[in-house]
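The values are calculated or read from the model by the stated rules, or taken from the named source; none is laboratory data. Since this is a predicted model, take the numbers as computed values, not measurements. So basically every Cβ, Gly included, is an ideal-geometry build from the backbone, and we count neighbours across all protein chains shown.
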Amino acid sequence: METLPGIANIVDLDMSPPERGHPGAGIIHHIAFRADEGTEQEHYRETLSFENYRTSPVIDRTYFRSLYLRECGYILFEIATDKPGFTVDEKMAELAIKLTLPASYERDREHIENVLPPLDVRRDYVRQSEDAAE
């Protein structure tokens with residue numbers, strides 16, 4: 001499959017039947033690609049469909065929209081948009097201060113917080129990112 005012109009715009013898929021990997025070290029869960037909102041993502045969906053790949057519908061992930069397909073080696077490919085972005089529910093200055101979850105995951109907050117390792121947030125990095133966004 002070839003994407004629009006740019007860097008790293010060709011993905012070669014080995015169509016030989018592989019053995020399915022076992023979850024753990026050395027196994028790829030998924031590979032994500034970036035697409036512009038709307039027409040570029042739709043272009044990929046149509047192209048993949050034409051090539052007889054089954055794709056998911058576009059899924060609203062709150063912070064971005066994703067389209068998925070699984071190739072014959074069982075690797076999941078994601079084609080995701082940048083928008084609406086992580087500032088959809090908090091300000092740039094508040095990013096990385098606390099764990100913000102999409103509404104659909106709030107019911108699992110306690111479990112998610114218990115399994116995540118503690119993070120040392122570098123406030124100087126957040127401030128630099130904020131300055132760059134202005």
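Is one or more of the residues making up the stretch 57-68 in a helix (DSSP H, G or I) and either at pLDDT 85 or above or touching a Lys or Arg at 6+ places or on another chain (Cβ under 7 Å) (or both)? No: the stretch 57-68 contains no residue that is in a helix (DSSP H, G or I) and either at pLDDT 85 or above or touching a Lys or Arg at 6+ places or on another chain (Cβ under 7 Å) (or both). Against the conditions (1) touching a strand residue (DSSP E or B) at 6+ places or on another chain (Cβ under 9 Å); (2) not assigned by TED's automatic domain parsing to the domain that holds residue 28, residue 94 satisfies every one except (1).
How many residues, within the stretch 79-96, are polar (S, T, N, Q) and part of a loop (DSSP other than H, G, I, E, B)? Qualifying residue count for the region: 0. State whether the residues of the stretch 43-55 include one that is outside any helix (DSSP H, G or I), among the charged types (D, E, K, R) and either in the same structural domain as residue 118 (by TED's automatic domain parsing) or more than 20 Å from residue 11 (Cβ to Cβ) (or both). Within the stretch 43-55, none of the residues are outside any helix (DSSP H, G or I), among the charged types (D, E, K, R) and either in the same structural domain as residue 118 (by TED's automatic domain parsing) or more than 20 Å from residue 11 (Cβ to Cβ) (or both). The residue of the stretch 97-121 that is modelled with the highest pLDDT, among those that are under 17 Å from the mean Cα position of the chain (by Cα) and outside any loop (DSSP other than H, G, I, E, B), is 105. Evaluated against (1) surrounded by 14 or more Cβ atoms within 10 Å (Cβ to Cβ); (2) out of contact with any Lys or Arg (no Cβ under 9 Å at 6 or more places or on another chain); (3) at pLDDT 85 or above, residue 31 falls short on exactly one condition, (1). One residue stands out among those in the stretch 85-96 that are surrounded by 13 or more Cβ atoms within 10 Å (Cβ to Cβ) and at pLDDT 85 or above: the one that is nearest to residue 65 (Cα to Cα), which is 86.
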